[in-house]
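Q: Dropping the structure in here first, questions after.
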Amino acid sequence: MLLPSQHPWPVQANELKPALQLVLAIARADMGLLLLHDESAGMLHPVIGHNMTEAQCQQFGTHRPGIGPFGQALAEHRRIHIHDAWREGDGLSDIARAVGFRHLEILPFYRRDGQILGALAMIFRTAHGSPRKAYKLEDFWGEVVALALSHAQARLEAERQRERVVRTSEAKIQFLARMSHELRTPLQSISGYVDLLRSGTPQPLTPAQDRMLARIAESERILVHVIDDVITFARLEAGHISYSLGPVSAEEALRVAEAVVSPLALDHNVRIEVKPCPPGVVVRADGDKLKQILVNLTANAIKFTGAKGMVELSCHADEDSVWFEVADNGPGIDREKLRDIFEPYVQLGAPVVDRFGGSGLGLTISREFAAGMAGELSATSDLGRGSTFTVRLPRDHGQIPVQAVPSTATARSPRGRRVDIPPSAP
């Protein structure tokens with residue numbers, strides 16, 4: 001008999017029914033009742049009855065620790081024997097006569113930390129209880145059921161925690177989306193006025209004024225980039241990033257990255273060199289996200305390399321994988337800090353932050369994008385000689401559809417400028 005209940009028990013009652021039937025058979029009991037503890041109310045509630053009607057189960061009612069025989073068993077952590085229930089007080093004699101039993105054994109069980117889980121009532125029509133040789137098996141049953149309930153309770157709590165995290169992530173994304181809109185509107189206005197002033201309207205600017213406006217434009221670009229990174233990272237944390245995987249030309253991806261970061265390289269007086277990929281190498285990836293990874297890595301290399309440095313983009317492949325490498329001859333990264341650079345919000349010290357700005361999320365986002373495309377992002381570095389960032393992705397041996405290769409692509413450079421990318425050479 002499964003009793004109706006409004007209580008959120010950690011397991012379905014019918015999952016415990018076979019265990020109840022087993023221990024009652026071991027105890028040679030005529031009837032049985034499993035009661036579980038409701039922590040919020042501090043009460044035992046009947047959950048499953050065996051060889052009993054619902055009305056008979058309900059006769060036992062609820063019980064509080066320390067009160068009555070059930071409460072005594074819970075409070076004293078021991079088995080309670082009622083040898084002749086017809087002579088007991090506290091209303092038990094009335095229950096015994098109504099249900100039709102004489103002997104009652106109550107076996108409490110607990111979590112490992114001592115918290116109450118429930119109790120088992122083994123009910124006998126005669127004055128004889130379970131045989132003593134069955135006590136150990138009955139106690140073992142209590143331990144097993146307690147362990148099962150504890151695991152189920154932990155699983156239930158983990159699921160509730162997961163749901164709370166999901167709700168929090170959803171709220172964070174919505175908040176960031178609203179903040180993004182509120183911030184982008186004035187930033188776009190600032191950018192528009194800066195472009196208008198730098199175009200010489202309504203009057204030409206002095207070189208000093210032009211430099212100041214350039215700094216304003218650069219600050220606007222950094223703020224937009226930080227906003228984009230924070231929102232993307234929030235979506236990654238919430239699992240809201242989707243991937244459109246398909247064949248992508250490795251050469252096309254490198255060419256786009258070079259075109260997008262060329263203005264930044266020019267501003268920093270850094271030379272970019274692109275080594276041609278092996279002919280016909282195709283990678284299985286989300287084209288937009290692969291290009292974003294390469295742009296992020298190349299832009300980082302340019303910023304940290306310094307004037308008159310060089311950044312090299314290349315790729316190579318075998319039958320299963322394609323590797324994209326972005327190498328620079330900059331100052332390099334200490335090996336102790338190399339692993340930390342992929343962690344969120346980590347940057348290499350305050351002077352770097354002051355000089356280059358940013359959210360500290362670019363490498364984290366790139367690594368997550370690579371993992372989301374069944375690949376990986378890694379780095380090696382030698383102090384004083386430079387660093388190399390490597391993206392490995394699965395190789396695709398299919399053909400790239402003609403419509404997947406645009407005749408002209410438009411992207412936004414790290415400086416915030418629009419860059420028209422010419423069509424691929426035949």
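The values are calculated or read from the model by the stated rules, or taken from the named source; none is laboratory data. As the structure is a prediction and not an experimental result, all values here were calculated from the model. Positions of Cβ are backbone-derived with ideal geometry, glycine not excepted, and every protein chain shown enters the neighbour counts.
Q: Could you tell me whether the range 101-111 includes any residue that is basic (Lys, Arg), at pLDDT 85 or above and farther than 24 Å from Ala19 by Cβ?
A: First, the residues of the range 101-111 that are basic (Lys, Arg): 102, 111.
Now narrow it down to the ones that are at pLDDT 85 or above: 102.
Okay, now just the ones that are also farther than 24 Å from Ala19 by Cβ, so 102.
Yes.
Q: May I pose another question? For residues that are under 22 Å from Val23 (Cα atoms) and touching a helix residue (DSSP H, G or I) at 6+ places or on another chain (Cβ under 8 Å), tally how many sit in the range 64-84.
A: 4
Q: Same structure again: Could you list, in sequence order, all residues of the range 372-392 that are assigned to a strand (DSSP E or B), in contact (Cβ under 8 Å) with a residue 24 or more places away in the chain and more than 19 Å from Thr232 (Cβ to Cβ)?
A: Within the range 372-392, Ala379, Thr380, Ser381, Asp382, Gly386, Ser387, Thr388, Thr390, Arg392 meet the criteria.
Q: Tell me which residues, restricted to the range 316-370, are in contact with a Pro (Cβ under 8 Å, 6 or more places away or on another chain), surrounded by 12 or more Cβ atoms within 10 Å (Cβ to Cβ) and at pLDDT 90 or above.
A: His316, Ala317, Ser321, Val322
Residue-by-condition table, conditions (1) out of contact with any Asp or Glu (no Cβ under 6 Å at 6 or more places or on another chain); (2) in the same structural domain as Glu218 (by TED's automatic domain parsing); (3) modelled with pLDDT of 75 or more:
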| site | (1), (2), (3) |
| --- | --- |
| His151 | yes, no, yes |
| Ala154 | yes, no, yes |
| Glu159 | yes, no, yes |
| Lys172 | yes, yes, no |
| Ser180 | yes, yes, no |
| Arg184 | yes, yes, no |
| Leu187 | no, yes, yes |
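Q: Could you give me the residue pairs with C-beta distances under 6 Å whose first residue belongs to the range 138-151 and is more than 13 Å from Leu36 (Cα to Cα), whose second residue is β-branched (Val, Ile, Thr) wherever it lies, and which are 6+ apart or on separate chains?
A: What qualifies is Glu138/Val23; Trp141/Val23.
Q: Right, here's the next one. Determine which member of the set His225, His268 is modelled with pLDDT under 90, farther than 14 Å from Asp396 by Cβ and either out of contact with any Pro (no Cβ under 9 Å at 6 or more places or on another chain) or basic (Lys, Arg) (or both). Break it down into steps so the answer makes sense when it comes.
A: Numbers: His225 fails: either out of contact with any Pro (no Cβ under 9 Å at 6 or more places or on another chain) or basic (Lys, Arg) (or both).
Testing whether each residue is modelled with pLDDT under 90, farther than 14 Å from Asp396 by Cβ and either out of contact with any Pro (no Cβ under 9 Å at 6 or more places or on another chain) or basic (Lys, Arg) (or both) leaves just His268.
Q: Can you find, within the range 232-271, the residue that is surrounded by the most Cβ atoms within 10 Å (Cβ to Cβ) among those that are in contact with a helix residue (DSSP H, G or I) (Cβ under 6 Å, 6 or more places away or on another chain) and outside any helix (DSSP H, G or I)?
A: Per the criteria, the residue is Val248.
Q: Here's another thing I want to ask about it. Test each condition in (1) buried (at least 18 other Cβ atoms within 10 Å of the Cβ); (2) more than 23 Å from the chain's Cα centre (by Cα); (3) within 27 Å of His397 (Cβ to Cβ) for Phe304 and report the one that comes out false.
A: Tallying (1) buried (at least 18 other Cβ atoms within 10 Å of the Cβ); (2) more than 23 Å from the chain's Cα centre (by Cα); (3) within 27 Å of His397 (Cβ to Cβ), Phe304 fails exactly one: (3).
Q: Looking at the range 178-186, is at least one residue in a helix (DSSP H, G or I), under 22 Å from the mean Cα position of the chain (by Cα) and of a type in the set (Lys, Arg)?
A: Within the range 178-186 (the criterion being in a helix (DSSP H, G or I), under 22 Å from the mean Cα position of the chain (by Cα) and of a type in the set (Lys, Arg)), the answer is no, since none of the residues qualifies.
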